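Participant: The structure that follows is given in the form of structure tokens.
Please treat every number below as a calculation from the coordinates, not as lab data. Bear in mind that the values here come from a model prediction, so they are computed numbers and not experimental data. Note: ideal-geometry Cβ built from the backbone for every residue, glycine included; neighbour counts use all protein chains shown.
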Amino acid sequence: MSIKVKKKRDYRPHSEAIHGAQVLLRLSEEQKRGCFYQWMGSLLLCAFAYEGYLNFLGRKLFPSWEDFERQLSWQSKTKLIADHIALKLDEGAEPFQTVKQLFKFRDQIAHPKPKEMEEEFKTTNEKLESVFYENTKSDEEKFCSEENAKLCNERIEQMMGLLFEQARAKYESVNKHDDSFILNAPFVKSGQSGSAHYG
């Protein structure tokens with residue numbers, strides 16, 4: 001006897017990515033040492049989560065989003081959405097500044113370029129052995145820290161929250177007594193439903 005299974009999933013990659021970023025950050029806190037790649041992964045997932053949310057929200061606000069979104073940078077997407085929902089963004093302040101640094105890091109990792117690096121510094125006899133054998137680090141390697149991973153997680157959440165709250169306020173001002181826009185919040189998880197029938 002066969003069983004017919006039907007499943008449907010509301011896949012929200014931005015929610016999955018931010019959850020993944022938080023999981024990697026928690027794992028790094030538990031591990032204490034050797035966390036460089038967990039911080040890197042958390043930072044990259046933060047960037048993916050933010051751009052994923054821009055694409056998610058963009059589809060809700062612009063029916064033709066998929067026709068043009070690939071031609072826009074994350075900054076252009078942010079500005080377009082912000083203009084559409086009348087959100088004033090201060091690019092010189094937080095959380096935008098940290099998001100900008102995060103995407104610079106993301107771009108460096110996505111488009112790696114080999115380079116010769118030099119550094120010169122003073123140290124003490126006691127510290128000489130430990131610092132002498134430590135690798136000279138690129139800017140993107142220096143960015144991979146617990147402090148930056150935590151900060152980027154916070155700032156990404158803030159930026160997504162700002163965009164959502166303003167978009168929600170605009171939607172509800174036009175659609176009185178309709179609070180369904182809450183389903184577009186950045187942390188509403190992917191959902192799945194299904195059924196099974198014999199025969």
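Participant: Of all residues in the range 47-90, which are outside any helix (DSSP H, G or I) and of a type in the set (Gly, Ala, Ser)?
Facilitator: Within the range 47-90, SER64, SER73, ALA86 qualify.
Participant: Another question, then. Out of the residues in the range 91-114 meeting the condition of being among the hydrophobic types (A, V, I, L, M, F, W, C) and assigned to a helix (DSSP H, G or I), tell me which one is surrounded by the most Cβ atoms within 10 Å (Cβ to Cβ).
Facilitator: Here the residue is LEU102.
Participant: How many residues are within 24 Å of CYS46 (Cβ to Cβ), out of contact with any helix residue (DSSP H, G or I) (no Cβ under 6 Å at 6 or more places or on another chain) and assigned to a loop (DSSP other than H, G, I, E, B) if we restrict to the range 115-144?
Facilitator: Here the count works out to 2.
Participant: Right, something else. Across the range 165-180, what is the total count of residues that are assigned to a helix (DSSP H, G or I) and more than 21 Å from the chain's Cα centre (by Cα)?
Facilitator: 7
Participant: Look at TYR37 and say whether it is outside any loop (DSSP other than H, G, I, E, B), over 30 Å from ASN175 (Cβ atoms) and of a type in the set (Ser, Thr, Tyr).
Facilitator: When the stated conditions are applied, TYR37 passes them.
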